[in-house]
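Worksheet for the structure shown next.
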Amino acid sequence: MATLAAAHVIAGAVVDVTGAATRSVILHGSLAAGGFQPGRSDLDLLVVVDGVLTDARAAELTDVVRRADAGAAAGIDLHVVTAETAGTASRAPALELYLGRHRSSPSEVAIERRVAASPDLVTELSMARAGGRALAGAPPAEVIAPVPAEWVVDRGRHWLTVWRSLTDDVAHAAFMVLTTCRVWRFAVERVHCSKPEAAAWALRRDPSLTVVRQALRQYAYDPSTVVSQPGLADLLDTVLGEPGIVGGCR
């Protein structure tokens, strides 16, 4: 099944579970905004519902994700938030439910339930509002409040600082490089974009960034490509020194 068609099928199955409480099922990430890489990119969905989910409905949604055909996507990331949470800007929004299924373990679904404060959800909401498309229900801008860009930058800075001590993590080096490029572009231009688009932007800004080429090659078509540990450290230092990040709101 084509991945976009698969996303529509999953959205329909979600609505079958959440029923009249459904405010919107929003496709976001690379499949909505561009840059989708078959076998590499996930299928990202944000579900906005009126009121809290019952445990029974949470269990049904888990079954939907477990059984779903994800098309050519590497996995499925599905977040559920209440309409109150989506409609009220917060640095640490409440997460009603997260379900994650990935190709490496397709029968297993990672579950997070009723997280009172989820700082990373700020970026998820910002991306869904900016580049998402409703597969069911209201358009993103009607259900998601504007997210201050400084909050998104602040969360990006947090992860760049964490990764500065993890540059020897070979398995996740390409992910860190490409996500750093995404953080960088957003900090400078306030634009959300895919990993390949962010990498291309970073290389236009500084063609000497060999580590970005390495990460892009590994991500796009050659998993054996080695991502330089010193190169990752230098990239993180460069971006952490960017005025738009240094001067962000802490």
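Counting other C-beta atoms within 10 Å, and keeping those with at most 16, which DSSP coil trypsin sites (Lys or Arg not before Pro) do you find in the stretch 30-99?
Numbers: sites: R40, R57, R66, R67, R91; in loops: R40, R91.
Sites meeting the loop and neighbour criteria: R91.
Can you give me the solvent accessible area of M127 with a 1.4 Å probe, rounded to the nearest 10 Å²?
M127 exposes around 40 Å² with every protein chain in place.
Taking springs between alpha-carbon atoms closer than 10 angstrom, which of A58, A116, A72 fluctuates most in the Gaussian network model of the chain?
Of the options given, A116 has the highest mean-square fluctuation.
Roll a 1.4 angstrom probe over the protein heavy atoms and tell me the percent of accessible area of the chain that is carbon or sulfur. List each step's numbers first, then the result.
Details: 5960 of 11030 Å².
That fraction is 54 percent.
Give me the accessible area per residue for the stretch 3-90, probe 1.4 Å, as a whole number in Å².
Heavy-atom accessible area per residue stands at 36 Å².
May I ask for the net charge around R164, where only other residues with Cβ less than 13 Å from the Cβ of R164 are counted and Lys, Arg are +1 while Asp, Glu are -1?
-3
Could you calculate, for the chain, the ratio of the Cα radius of gyration to the Kirkwood radius, expressed as Rg to Rh?
Details: Rg = 18.0 Å, Rh = 18.6 Å.
Ratio of gyration radius to Kirkwood radius: 0.97.
Which one, A145, P93, A134, projects farthest toward the positive side of the charge dipole computed for the stretch 80-237 from Cβ point charges (K/R +1, D/E -1)?
A134
Suppose a student asked you for the relative contact order of the chain, using Cα pairs under 8 Å spaced at least 6 residues apart; what percent would you report?
In percent, rounded to a whole number, it is 18.
Using a 7 Å offset from Cα along Cα-Cβ at E84, what residues in the stretch 104-140 end up with backbone N under 11 Å from the label point?
It comes to no residues whatsoever.
How much solvent-accessible surface does D168 expose, in Å² to the nearest 10, with a 1.4 Å probe and all protein chains in place?
Result for D168: roughly 100 Å² accessible.
If Lys and Arg each add +1 and Asp and Glu each add -1, what is the summed charge of the other residues whose beta carbon sits under 12 Å from the beta carbon of T18? List each step's numbers first, then the result.
On the way: positive: R23, R57; negative: D16, D50, E60, E96.
Combined, the nearby Lys, Arg, Asp and Glu give -2.
Whole angstrom only: what separates the Cα centroid of the stretch 39-66 from the Cα centroid of the stretch 156-227?
Each part reduced to its Cα centre gives a spacing of 29 Å.
The values are calculated or read from the model by the stated rules, or taken from the named source; none is laboratory data. Note that the coordinates shown come from a computational prediction; the quantities given were computed from them, not determined experimentally. Here Cβ is always computed from backbone atoms with ideal geometry, including for glycine, and neighbour counts include all displayed protein chains. Ligands, DNA and RNA are excluded from the accessible area calculation, which covers all protein heavy atoms including side chains. Shrake-Rupley method; radii C 1.70, N 1.55, O 1.52, S 1.80 Å.
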